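Heads up: the structure comes next, in structure tokens.
The values are calculated or read from the model by the stated rules, or taken from the named source; none is laboratory data. Remember, it's a predicted structure, so these values are computed and weren't measured experimentally. In this analysis, Cβ positions are derived from the backbone assuming ideal geometry, glycine residues included, and neighbour counts consider all displayed protein chains.
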Amino acid sequence: MKITILQGAFLPVPALRGGAIEKAWEALGQAFAEQGHEVNHISRMCDGLPAREKIGKVTHYRVKGANAVSNPWMLKLLEIPYLIRAKRVLSEADVLVTHAFWAPLLLPRTRFGKLYLHVGRFPKGQMKLYQKASRFQVPSASVAEAVIREIPDRRKLVSTLPYPLGWNVPQSTPMDERPKCLLYAGRLHSEKGILELIQAFVGLAQQERKDWVLKIMGPWREDQGGGGQQYLSELQNLANEYKASVQILDPEFSSSQLMEHYQQARVFVYPSLATKGETFGLSVLEAMSCGCVPLVSDLGCFREFVVHGKNGFVFDIDSIQLVDNLRAELRKILDSGNDLDAFSKEASKLAKTFEIKKVATSYLEDFSKMLS
């Protein structure tokens, strides 16, 4: 099978600037190639990456893209020149995987492969425009429901397949050998609930927090999906009042470095408030694979792998009691003692079902169904 993966205009592959979608399809592309398929991968040219190179068994083509902006209409306009450039390096294939907004509208139906549309964000009415798509692949059941609401007559074309882990589940460090660390790793943006997380943590009594430390790590720049300098300053100003207990760290995009951070934390907190923006939560799954116990908000996408009271904790994002609800779950976690080790083992066990080889096989089977 010949497979082309066409990424969006704003982030490179390899995922030097992060991006769950970029990380996932980078890993999947390599896995497809390892199973004997021909894979071409097209993405943004930046950060000194060459226009063409071979990584593993995958051929990468890169074309000029753009930095992301906060205005959604401008974001879509910036993608059009990128797509025109990408079209020049597209070749015939069986399957064309893409999440680019304009690709299903501006590219031909089958010339470059049947259009396998990855819907990595909640749709906003555009699904009914994508008449050329042969498949609408979504990462979670909550996104599938949203897509089907827009195209009920094409519901049979909707396929739910998760993002894979970018690595095999490592041997987990026992909980009592880890620092007493709560870790958040992801974009620093108001929709992620980070300010509320800090407020909930520092609102605990000193004897409850004891020697626990909260670490916040991720990109804050707007062109990397962050909330910008003003939001970063808000976080830093609050953290500075509790220097010994709250730390704001520089972003880390290297998989090996991220694994080290996960393995040096007991709990991974992802308090996202993005009810129409959070589609999977790959960083939560990554942290679980390294034995971190997850604490997440009660968004639908997290139900795919976080089971409250078994392998993690979930809090209600009710707007009035949000901080109190989050603080209550933090209090339970800090009081859990040795029970956290059992949660950690369950988290690792669950994450193993998302290892790349198994997930990639599911995608290849879906490609074959679409082609037949």
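Here's the yes/no breakdown for (1) at positive phi; (2) free of Cβ contacts under 8 Å to residues at least 60 places away in the same chain:
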| position | (1), (2) |
| --- | --- |
| ALA20 | no, no |
| LYS23 | no, no |
| LEU28 | no, no |
| GLY36 | yes, yes |
| ALA51 | no, yes |
| GLY56 | yes, yes |
| HIS60 | no, yes |
| VAL69 | no, no |
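Take the residues in the stretch 22-71 that are acidic (Asp, Glu) and surrounded by 14 or more Cβ atoms within 10 Å (Cβ to Cβ), then tell me which one is nearest to GLU222 (Cα to Cα).
Here is the first cut: in the stretch 22-71, the residues acidic (Asp, Glu) are 22, 26, 34, 38, 47, 53.
In the following step, the residues that additionally are surrounded by 14 or more Cβ atoms within 10 Å (Cβ to Cβ) were identified as 22, 26, 34, 38.
Values: GLU22: 18, GLU26: 23, GLU34: 36, GLU38: 35 Å.
Looking at residues that are acidic (Asp, Glu) and surrounded by 14 or more Cβ atoms within 10 Å (Cβ to Cβ), I get GLU22.
A quick yes/no check of all residues on (1) out of contact with any Asp or Glu (no Cβ under 9 Å at 6 or more places or on another chain); (2) not in a helix (DSSP H, G or I):
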| site | (1), (2) |
| --- | --- |
| GLN137 | no, yes |
| VAL143 | yes, no |
| VAL147 | yes, no |
| ASP153 | yes, no |
| LYS156 | yes, no |
| SER159 | no, yes |
| PRO162 | no, yes |
| LEU165 | no, yes |
| GLN171 | yes, yes |
Looking only at the stretch 188-213, and only at residues there that are in contact (Cβ under 8 Å) with a residue 40 or more places away in the chain and charged (D, E, K, R), the one that is surrounded by the fewest Cβ atoms within 10 Å (Cβ to Cβ)
LYS210
Apart from one, (1) among the aliphatic types (A, V, I, L, M); (2) surrounded by fewer than 20 Cβ atoms within 10 Å (Cβ to Cβ); (3) over 21 Å from the mean Cα position of the chain (by Cα) all hold for LEU83; the odd one out is (2)
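If the requirement is being in the same structural domain as LEU204 (by TED's automatic domain parsing), crowded, with 22+ Cβ neighbours inside 10 Å and either without any contact (Cβ under 8 Å) to a residue 60 or more places away in the chain or within 18 Å of SER190 (Cα to Cα) (or both), which of these qualifies: GLU286, GLU278?
Details: GLU286 fails: either without any contact (Cβ under 8 Å) to a residue 60 or more places away in the chain or within 18 Å of SER190 (Cα to Cα) (or both).
None of the other options fit; the residue is GLU278.
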Report yes if some residue within the stretch 330-341 is outside the structural domain of VAL158 (by TED's automatic domain parsing), surrounded by fewer than 16 Cβ atoms within 10 Å (Cβ to Cβ), acidic (Asp, Glu) and more than 16 Å from the chain's Cα centre (by Cα); otherwise report no.
yes
Out of the residues in the stretch 229-256 that are under 15 Å from MET217 (Cβ atoms) and of a type in the set (Asp, Glu), state the one that is surrounded by the most Cβ atoms within 10 Å (Cβ to Cβ).
GLU252
Hey, PHE313 hits all of (1) closer than 25 Å to GLN207 by Cβ; (2) under 20 Å from the mean Cα position of the chain (by Cα); (3) in contact (Cβ under 8 Å) with a residue 40 or more places away in the chain but one; which does it fall short on?
(3)
Cβ-Cβ under 6 Å, sequence separation 6+ or interchain: first residue in the stretch 342-354 and over 26 Å from ALA31 (Cβ atoms) and assigned by TED's automatic domain parsing to the domain that holds VAL306, partner of a type outside the set (Ser, Thr, Tyr) and in a helix (DSSP H, G or I). Which pairs?
SER344/MET175
For the stretch 150-200, enumerate the residues that are among the charged types (D, E, K, R), under 15 Å from the mean Cα position of the chain (by Cα) and farther than 27 Å from ASP335 by Cβ.
ARG187, GLU191
